[in-house]
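A.B. asks: My structure is below; once you've seen it, I'll send some questions.
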Amino acid sequence: MEHHLTRSADPLRRQLLDATRRFAVESPALSWAYVGSTVCILLAGTALVAQPLPWIIRLPLSVWNGLVVIRAFILYHDHLHGSLLGHSRAARYVIRWIGFVVMAPPNVWRETHNYHHAHTAKLVGSHIGSFPMMSIQQWETATPAERRRYRFARHPLTIAFGYFTLFMFEMSLASFLRGPRKNWDSLVALLLNWGLTTILVVWFGPAVWFYCHFLPLVVACMLGGYLFYAQHNYPDARIQPREMWSYERAALESSSYMELSPLMNWVTANIGYHNVHHLNPNIPFYRLPEAMRSVPELRRAGKTSLRPRDVAACFRLKLWDPQRGEMVGFPS
């Protein structure tokens, strides 16, 4: 089976989807154990970093808390997909708070993320819930203003400051302004974060706010934003015109497998197995590696990693070149 498949292979892709269905069954006890342990680790880490420790200890602990926030967010992401305690009323109260803290509230996240899954890697229409995508031809005909917006959206600094750009502004403020009645929880997320900032600074001091709230969220939003970018903007990614697009093809050819260490797989709750997740988002995060091991074709996904050279390679990719069949940089 070649990596770049033609439409004649679509029945085979549907067979692969069927092959993953047996992994889309969770163990509620195991799911609760993962949720409970993650929440406890995050709360304990926050309580520890709130203590007046030397900065050389406090700083790495705060960064670690940011990594745990990423894991908590991906559990929230799975919950909204319905693959992790999706029918549990108790889980709604335990898990969904993370969406408000990270400023990715349920209403807008569910709507844009479900759209993203249904339109990944389409040359036109894939920008909702994801980073915008242009072909070389579209870039050549774009206005200067459109080019500036496109450059900004895909710039590394936009991802590095994702706490402000991707989450506070785009996911919360902009979504609320677009639809105040529908996205009322976006305003709740903003008020919660601004309120926490005020309370922590006034009652406990700027240091507690910085180490307990600000730095962990900056780390989580930055790395989380990059993970989302690299999952669909990597050297082997394939982009399809609407008339040739298929759901299975987008999962197999346009969603990466990110090679990570065991620790980072824990931190990211296996979201690096993104090709498997896009093929079947009903699989709980802890069964994604099992599904990939069991279906050989899934192991042929395009790969990336968090190694500096791979990060640089992903950031160089800006436009889709249909003639070469690959992502390329901006014209010089």
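A.B. asks: Taking the stretch 167-217 on its own, how many of its residues are among the basic types (Lys, Arg) and in a helix (DSSP H, G or I)?
C.D. replies: 1
A.B. asks: Moving on. Can you tell me which condition SER83 does not meet? The list is (1) over 23 Å from PRO281 (Cα atoms); (2) touching an Asp or Glu at 6+ places or on another chain (Cβ under 9 Å), and all the others hold.
C.D. replies: For SER83, the failing item is (1).
A.B. asks: Are there any pairs with C-beta distances below 6 angstrom linking a residue in the stretch 26-44 that is without any contact (Cβ under 8 Å) to a residue 60 or more places away in the chain to a residue that is among the charged types (D, E, K, R), with the two at least 6 apart or on different chains, and if so which?
C.D. replies: THR38/ARG71
A.B. asks: Kindly state which strands (runs of 3 or more DSSP E) lie completely within the stretch 278-332 and contain at least 1 residues that are loosely packed, with under 14 Cβ neighbours inside 10 Å and not aliphatic (A, V, I, L, M). Before you say what the answer is, go through the steps one by one.
C.D. replies: On the way: elements: 303-305, 319-321, 326-328.
Qualifying strands (runs of 3 or more DSSP E): none found.
Here's the yes/no breakdown for (1) polar (S, T, N, Q); (2) touching a residue at least 60 places away in the same chain (Cβ under 8 Å):
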residue	(1), (2)
ASN107	yes, yes
SER130	yes, yes
TRP139	no, yes
PRO156	no, yes
PHE167	no, yes
PRO180	no, no
TRP184	no, yes
ALA189	no, yes
VAL201	no, no
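A.B. asks: Kindly provide the set of residues from the stretch 223-237 that are touching a His at 6+ places or on another chain (Cβ under 9 Å), part of a loop (DSSP other than H, G, I, E, B) and of a type outside the set (Asp, Glu), ordered by number.
C.D. replies: Result: GLN231, HIS232.
A.B. asks: Here are VAL68, VAL63, VAL35: which of them is crowded, with 19+ Cβ neighbours inside 10 Å, more than 17 Å from PRO284 (Cβ to Cβ), β-branched (Val, Ile, Thr) and at pLDDT 95 or above?
C.D. replies: Matching residue, one of VAL68, VAL63, VAL35: VAL68.
A.B. asks: Condition check: within 19 Å of the chain's Cα centre (by Cα) and not charged (D, E, K, R). Does PHE204 satisfy that?
C.D. replies: Numbers: within 19 Å of the chain's Cα centre (by Cα): no; not charged (D, E, K, R): yes.
Criteria not met by PHE204.
A.B. asks: SER130 fails exactly one of the following numbered conditions: (1) assigned to a helix (DSSP H, G or I); (2) buried (at least 18 other Cβ atoms within 10 Å of the Cβ). What is the number of that condition?
C.D. replies: All conditions pass for SER130, except number (1).
A.B. asks: Could you tell me how many of the residues in the stretch 53-73 are in contact (Cβ under 8 Å) with a residue 24 or more places away in the chain and either more than 15 Å from GLY224 (Cβ to Cβ) or among the β-branched types (Val, Ile, Thr) (or both)?
C.D. replies: Summing the residues that are in contact (Cβ under 8 Å) with a residue 24 or more places away in the chain and either more than 15 Å from GLY224 (Cβ to Cβ) or among the β-branched types (Val, Ile, Thr) (or both) in the stretch 53-73 gives 8.
A.B. asks: Go through the stretch 95-127 and count every residue that is hydroxyl-bearing (Ser, Thr, Tyr) and in contact with a helix residue (DSSP H, G or I) (Cβ under 7 Å, 6 or more places away or on another chain).
C.D. replies: Filtering the stretch 95-127 down to residues hydroxyl-bearing (Ser, Thr, Tyr) leaves 112, 115, 120, 126.
With in contact with a helix residue (DSSP H, G or I) (Cβ under 7 Å, 6 or more places away or on another chain) added as a condition, the list becomes 120, 126.
So the count comes out to 2.
A.B. asks: If SER246 satisfies all but one of (1) surrounded by fewer than 18 Cβ atoms within 10 Å (Cβ to Cβ); (2) small (Gly, Ala, Ser); (3) over 25 Å from HIS127 (Cβ atoms); (4) touching a helix residue (DSSP H, G or I) at 6+ places or on another chain (Cβ under 8 Å), what's the number of the condition it fails?
C.D. replies: Condition (3) is where SER246 drops out.
The values are calculated or read from the model by the stated rules, or taken from the named source; none is laboratory data. These numbers were taken from a predicted model, which means no experiment stands behind them. Don't worry about glycine lacking a Cβ; one is built from the backbone with ideal geometry, like all the others, and counts go over all protein chains shown.
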